[in-house]
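The values are calculated or read from the model by the stated rules, or taken from the named source; none is laboratory data. Not measured: the values here are computed from a predicted model. Here the Cβ positions follow ideal geometry from the backbone for every residue, glycine too, while neighbour counts run over all protein chains shown. Ligands, DNA and RNA are excluded from the accessible area calculation, which covers all protein heavy atoms including side chains. Shrake-Rupley method; radii C 1.70, N 1.55, O 1.52, S 1.80 Å.
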Amino acid sequence: MNATIGVISDTHGLLRNEAKAALSGCDLILHAGDIGDEAVIARLKDIAPVAAVRGNVDRDDWAQRYAETEVVAFGSRYFYLLHNLAELDIDPAASGMAVVVSGHSHQPHVVTRDGVLYVNPGSAG
């Protein structure tokens, strides 16, 4: 399966045109929390299907629709989505995860550990 998955985090209620352009053409978008406003998800869904988790700033009633963690299956791969990597509550390699996507730190980070890709896209808002 040849597909493009976009990752975004920490929009804090703001979806910049640059972020929309970067995500254009994606087959799936993963949002790793601190959404900030439910309108951000609606705008992302105009681009592609979205899986999202809530972050520490997502406290309003709308945010309760989003879990703190999410397992997303795409093709033959599993993605574990959470906001704060320090709160990782599973062993991703033992659980069969290919990728862990997190946010919170506002610092972009990509590293592979035990065969699992860890991605933090940094802050988009």
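Overview of results
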item: Under DSSP loop assignment and at most 16 Cβ neighbours within 10 Å, longest trypsin sites (Lys or Arg not before Pro)-free interval of the chain; result: 60-125
item: Largest-first ellipsoid semi-axes for the chain, taking √(5λ) over the Cα gyration tensor eigenvalues, angstrom; result: 21, 17, 13
item: Karplus-derived HN-Hα couplings along the stretch 97-104 (A = 6.51, B = -1.76, C = 1.60, θ = phi - 60°), whole Hz, x at Gly and Pro; result: 7, 8, 9, 10, 10, 9, x, 6
item: Carbon/sulfur fraction of accessible area - the chain, other protein chains in place, 1.4 Å, %; result: 46
item: The chain, helix-only ellipticity at 222 nm - DSSP H runs n ≥ 4, -39,500 (n - 2.57), divided by all residues, nearest 500; result: -3000 deg cm²/dmol
item: Calculated P(r) tail over 15 Å for the stretch 70-121, as whole % of Cα pairs; result: 39
item: Relative contact order of the chain, defined on C-alpha pairs under 8 angstrom at six or more residues apart (%); result: 25
item: Nonlocal amide H pairs with residue 74, under 5 Å, H built at 1.01 Å; result: 79
